[in-house]
Amino acid sequence: MDQDVGYKAQHLSLPMRAQDRVTTHLVSQNTLLRTGITYILEGTRFAVGGSDEEMPALVLLCDGLQQDGAVETISQVKEQYPGARLVVLGDNLDPWTVRELCTLGLDGLCPTGMSQAALVKALELVMLGEMFLPISVSLAMLDQARDPQSPMMMAANDLAAPSTKFSDREAQILRLLTTGASNKLIARDLGLAEATVKVHIKAILRKAKAANRTQAAMWATQYLGFQTNSQIAELAS
């Protein structure tokens, strides 16, 4: 006999005090997805919406992230909502990208296959100040960090690195990368166009033999951090 299989979301009716309410903002271009997430969070303390004047305490990126534009997206959202916790609902981000997003302020990554109860628990952990990552992503990040053939380890251990020469501008941008600054923030801080910053970053990645911004920043932290003033001046010459 054929049976109809369906998913029924149960509202999590939790006792909630006024001060427990978490103003939640959903970022999604998909109306159906937005409606579904709103329905899932109904009955919890994560109140979707609110007035335009009310700054959200939690921002959920519901559409997932494209690998190439993930860094810029996270940087823009953090700049728009600097005091909010930031969680992405999505899959298929590689471990190095996740590591980079965490340095930019990402507070959680929730797979789209999570149950309603698990999602709410993950958001509760984030609001307590904890970072939530799927165990599969966490293990992959550990494996890549330990792999001597990984791009990060190869860049950090490259014996040719001390001879790398950066221009003054590249050295300035490299230092700002270590703070997690986005291209937009770097451009504003140095009075440059974003397109110019991107060109410099490409040169930095090539010279540092890094695959992405996070690797370049970590390489700079490890390598430049113990240089004397004269060595730093020589490096930036």
Next on the checklist: Here are the criteria: (1) modelled with pLDDT of 85 or more; (2) in a loop (DSSP other than H, G, I, E, B). Tell me which single one Tyr7 does not satisfy.
Outcome noted: (1)
Next on the checklist: List pairs: first residue in region 121-140 and farther than 16 Å from Ala57 by Cβ, second residue open to solvent by 30 Å² or more (accessible area, probe 1.4 Å) and not hydrophobic (A, V, I, L, M, F, W, C) anywhere in the structure, Cβ distance under 7 angstrom, at least six positions apart or on different chains.
Outcome noted: Pro134/Pro111
Checklist outcome for this item: Residue count, region 76-123, condition surrounded by fewer than 17 Cβ atoms within 10 Å (Cβ to Cβ), among the charged types (D, E, K, R) and modelled with pLDDT of 90 or more, comes to 1
Next on the checklist: Any residue in region 67-96 that is within 21 Å of Pro134 (Cα to Cα) sitting within a Cβ distance under 9 Å of a residue that is surrounded by fewer than 19 Cβ atoms within 10 Å (Cβ to Cβ) and of a type in the set (D, E, K, R)? List the pairs, counting only those 6 or more apart or interchain.
Outcome noted: Gln67/Asp94; Leu89/Asp63; Gly90/Asp63; Pro95/Asp143
Checklist entry - Of the residues that sit in region 12-29 and are at pLDDT 90 or above and not aliphatic (A, V, I, L, M), which one is surrounded by the fewest Cβ atoms within 10 Å (Cβ to Cβ)? => result Thr23
Next on the checklist: Suppose we filter region 40-64 for residues that are open to solvent by 70 Å² or more (accessible area, probe 1.4 Å) and within 22 Å of Leu109 (Cβ to Cβ); how many remain?
Outcome noted: 1
Checklist entry - So which residues in region 171-216 are of a type in the set (A, V, I, L, M, F, W, C), over 20 Å from Ala70 (Cα atoms), open to solvent by 40 Å² or more (accessible area, probe 1.4 Å) and at pLDDT below 85? => result none
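The values are calculated or read from the model by the stated rules, or taken from the named source; none is laboratory data. Computed from a predicted model, the values in this text were never measured in an experiment. Cβ sites come from the backbone with ideal geometry, for glycine too, and all protein chains shown count toward neighbours. Heads up: the accessible areas ignore ligands, DNA and RNA and are worked out on the full protein's heavy atoms, side chains in. Shrake-Rupley method; radii C 1.70, N 1.55, O 1.52, S 1.80 Å.
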